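These notes are about the structure you will find just below.
The values are calculated or read from the model by the stated rules, or taken from the named source; none is laboratory data. Note that the structure is predicted; figures quoted are calculated from it, not measured. Every residue, glycine among them, receives a Cβ derived from its backbone with ideal geometry; neighbour counts consider all protein chains shown. What goes into the accessible areas is simple: the full protein's heavy atoms, side chains included, and nothing from ligands, DNA or RNA. Shrake-Rupley method; radii C 1.70, N 1.55, O 1.52, S 1.80 Å.
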Amino acid sequence: LSHDYDGKIHICEGYATGCSIYEAIGAPVVCALNNHNLIKVCESLRREFKHAQLVICADNDAWTKDNPGVTAANKAQKSTGAIIRVPNFYSYDQSMKPTDFNDLFCLAVIEAVENQLLEQC
């Protein structure tokens, strides 16, 4: 991508999640690898791509105290102006405690990931 890129860049935590997002929508994806790295990655992308729309595809760690995925995404949003997308599992089996867009991809179909990311934009 060039420095003047003005499209969307999706940022997620894990590699498998990044692959699922890319396969679903075909837009650039950057994997931060964990929630602790999310803010630094988003800030670095903001410096590099000033005109891009950053889209944080947060892990929905609803099964973990203080939901660290959404908490980190909110902090990154405040410092970069990114928008946040959080996977919704209400229509799916939650017995395996799903958290991210890769889990959604595995529970449903690729269209579920695409629809949830694009309908919120």
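The numbered conditions (1) surrounded by fewer than 13 Cβ atoms within 10 Å (Cβ to Cβ); (2) of a type in the set (S, T, Y); (3) closer than 23 Å to L1 by Cβ are all true for Y90 except (3). Whether a residue is surrounded by 14 or more Cβ atoms within 10 Å (Cβ to Cβ) and under 19 Å from L1 (Cβ atoms) was assessed, and P28 passes this test.
In the range 2-24, the residue that is most open to solvent (accessible area, probe 1.4 Å) out of those that are out of contact with any Pro (no Cβ under 6 Å at 6 or more places or on another chain) and among the aliphatic types (A, V, I, L, M) is A16.
Test F101 against the stated conditions and say whether it is within 16 Å of G14 (Cβ to Cβ) and open to solvent by 40 Å² or more (accessible area, probe 1.4 Å).
Working: within 16 Å of G14 (Cβ to Cβ): yes; open to solvent by 40 Å² or more (accessible area, probe 1.4 Å): no.
Taking the combined requirement at face value, the residue does not satisfy it.
Residue under question is S79, and the condition is that it be modelled with pLDDT under 95, out of contact with any strand residue (DSSP E or B) (no Cβ under 6 Å at 6 or more places or on another chain) and either surrounded by 20 or more Cβ atoms within 10 Å (Cβ to Cβ) or of a type in the set (S, T, Y) (or both); does it hold? No, not satisfied.
For I56, the stated conditions do not hold, so it cannot be described as farther than 18 Å from E119 by Cβ, touching a strand residue (DSSP E or B) at 6+ places or on another chain (Cβ under 6 Å), buried (at least 19 other Cβ atoms within 10 Å of the Cβ) and not charged (D, E, K, R).
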